[in-house]
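The values are calculated or read from the model by the stated rules, or taken from the named source; none is laboratory data. Note that the coordinates shown come from a computational prediction; the quantities given were computed from them, not determined experimentally. Backbone-built Cβ (ideal geometry, glycine too); neighbour counts: all protein chains shown. To get the accessible areas, we keep the full protein, side chains included, count just its heavy atoms, and leave off ligands, DNA and RNA. Shrake-Rupley method; radii C 1.70, N 1.55, O 1.52, S 1.80 Å.
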Amino acid sequence: MASPLSKKQKLDAPASDQSPLPHANGDRVPRQRARDEAGEEEQGLVALVEHRVKEVEAIKTKLAHYQSMLEEAEKKLGESKAKLNLLQSRNKNQNQSNSTANIKSRPQQVTAAKPVKSNIPSSSTPVKSKATVAVTEKRKQEKQPKRKIEEKEHQDLIPSVKRSSKPIALEFGSTVIISSQHKRKLRCLELCPTNDNLFVTSALDGLINFWQLNAKIPSASLLSTTDCLSPNQRRWPEDIAWHPAGDTIIAVYSGDPGDSQISILDLNQSGQKRVSFLEAKPHSKGLINSVAFSPWENDICFLTGGSSDHSVVLWREEGDDNLSYRHKLVHCNLHSSAVMGVSALRHKKIVLSVGADKRIIGFDVLAGRSDFKHQIEYKCMSVLSNPCDFNLYLVQSGAPGQQLGLYDVRLRRTEIHSFGWKQDSSDSQSALINQSWSPDGWHVSSGTADPKIHIFDIRYQGRGPSQSVQAHQKRVFKAMWHQSLPVLSSISSDLNVGLHKIY
């Protein structure tokens, strides 16, 4: 029989010597570890699902983009086939017509323009380039619609914008400065869309001078001068635009009562018949700041932007008469200040307008409503669509050092690049200074308050000019690229025209 002492010793034994409980800590550790592993696995799966969702959305976006490209390509293919069939049918009919006409007389040949005589023709002398005459005669023979804009293919330039660390500089050669033959400050410079050897200048003297370029030297000869002052108040043209057919020039004046708003300079006429004024007066007051032809195929229109009335008006051509235009108010209450510039997208019926109210408006003409609105920090001066990438456009503003901004119409309110220049002579930005796109769409030329032409490569990441060309003695208003000739033409407040050779 055990002694009482031994029983007490057993009762007082430490817990470590006793049998373990069924729910000791040793069983809890594996369960906690299992829960932790399950939680980590869940988090990993959640992250994977989110990644897969984004991946699917990205693929859907790409699919929609390529589907849109496919539809556009199929549409263009169909249009090209239709044009080919029409051209083949037209040539067949033309050959039959020519075979009959050859019996009576020899058809007129299209030849290059002859060198201009040294004497300057008077304003009553008609300006008819042989190319223009030939086009007019061909239209009459074919009995086809008179006006048509050449179709261009879209090029996707936007992915290359702001991607290069080094700009691609152009090599400029000799510069020739000639007198503009104007007596007051120059205002406009426009190039002929059908003959790259022709250009016009206008000034505050109300005259439009017609020039012929010799790109080899380079040099230019004055062909004629036409008085385009308004009939009543004797105003000069505020802005001009050359018709895509090359045979007329549109000039805009003021919306104030008592005077005409639009004039048409017909280059196929002479004397007093050369300039005519439209009776319609849709602008209510203030200057008409800008005019621009739309790039819409088979729909010849020009746009005008008003000052005090804040309106944008579309003028659509009717029939074969170059004086037949009907106007339509696009909008008059989307800007709260002067409309400074107007343009249009080539692939959509969208009118772009910018104003002193710092707003950029895209208006859908077919839908009859604004497609997008965007407000920036500085007042806008002008807007210009890219000639190659139909989604890209340029806006000039008063932003110091970053006066030019690039926008993708698909991104609505997003500026994809901005650049500009520092002015030495003045801090203010003039609305009379304008820009021009190079034919390939990669470069922008701009005038400045300094006697320079600034060139910008939109692929360059930098904010400043890729190069500058010393051009005039005073500020440069505008420098334009000739479409097929290696020449940049410019106008300045020094009353001269600059011709700059490009190699």
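Taking strands (runs of 3 or more DSSP E) that fall entirely within region 178-251, which contain at least 1 residues that are within 22 Å of GLY286 (Cβ to Cβ) and open to solvent by less than 30 Å² (accessible area, probe 1.4 Å)?
Qualifying strands (runs of 3 or more DSSP E): 186-191, 198-203, 239-242.
Would you point out the residue of region 295-337, among those that are in a loop (DSSP other than H, G, I, E, B) and among the hydroxyl-bearing types (Ser, Thr, Tyr), that is least open to solvent (accessible area, probe 1.4 Å)?
SER311
In region 440-449, which residues are open to solvent by less than 10 Å² (accessible area, probe 1.4 Å) and outside any strand (DSSP E or B)?
GLY441, GLY447
Being surrounded by 24 or more Cβ atoms within 10 Å (Cβ to Cβ) and under 19 Å from ARG316 (Cβ atoms) is the filter here; which residues of region 344-363 pass it?
Within region 344-363, ALA344, VAL351, LEU352, SER353 meet the criteria.
When you go through (1) surrounded by 19 or more Cβ atoms within 10 Å (Cβ to Cβ); (2) without any contact (Cβ under 8 Å) to a residue 40 or more places away in the chain one by one for VAL395, which number turns out not to apply?
VAL395 satisfies all of (1) surrounded by 19 or more Cβ atoms within 10 Å (Cβ to Cβ); (2) without any contact (Cβ under 8 Å) to a residue 40 or more places away in the chain except (2).
Quick check on region 269-278. Is at least one of its residues in a loop (DSSP other than H, G, I, E, B), at pLDDT below 90 and either more than 22 Å from VAL383 (Cα to Cα) or open to solvent by less than 30 Å² (accessible area, probe 1.4 Å) (or both)?
Looking for residues that are in a loop (DSSP other than H, G, I, E, B), at pLDDT below 90 and either more than 22 Å from VAL383 (Cα to Cα) or open to solvent by less than 30 Å² (accessible area, probe 1.4 Å) (or both), one finds at least one in region 269-278, hence yes.
Read through the list (1) in a loop (DSSP other than H, G, I, E, B); (2) under 17 Å from the mean Cα position of the chain (by Cα); (3) of a type outside the set (Val, Ile, Thr), then give the number of the only condition that GLN429 fails.
With (1) in a loop (DSSP other than H, G, I, E, B); (2) under 17 Å from the mean Cα position of the chain (by Cα); (3) of a type outside the set (Val, Ile, Thr) applied to GLN429, the lone miss is (2).
Looking at region 228-254, I want the residues that are closer than 13 Å to GLU190 by Cα and have a partner that is surrounded by fewer than 21 Cβ atoms within 10 Å (Cβ to Cβ) and of a type in the set (D, E, K, R) with Cβ atoms under 6 Å, at least 6 apart or on another chain. Which pairs are those?
Here the result reads ILE240/GLU190; TRP242/GLU190; THR248/ASP266, each pair linking region 228-254 to a residue that is surrounded by fewer than 21 Cβ atoms within 10 Å (Cβ to Cβ) and of a type in the set (D, E, K, R).
Matching residues to (1) open to solvent by less than 30 Å² (accessible area, probe 1.4 Å); (2) in contact with a Cys (Cβ under 6 Å, 6 or more places away or on another chain); (3) of a type outside the set (A, V, I, L, M):
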residue: ASN434; (1), (2), (3): no, no, yes
residue: SER438; (1), (2), (3): yes, no, yes
residue: ILE453; (1), (2), (3): yes, no, no
residue: PRO465; (1), (2), (3): no, no, yes
residue: GLN470; (1), (2), (3): no, no, yes
residue: ARG475; (1), (2), (3): no, no, yes
residue: HIS482; (1), (2), (3): yes, no, yes
residue: LEU495; (1), (2), (3): no, no, no
residue: LEU499; (1), (2), (3): yes, no, no
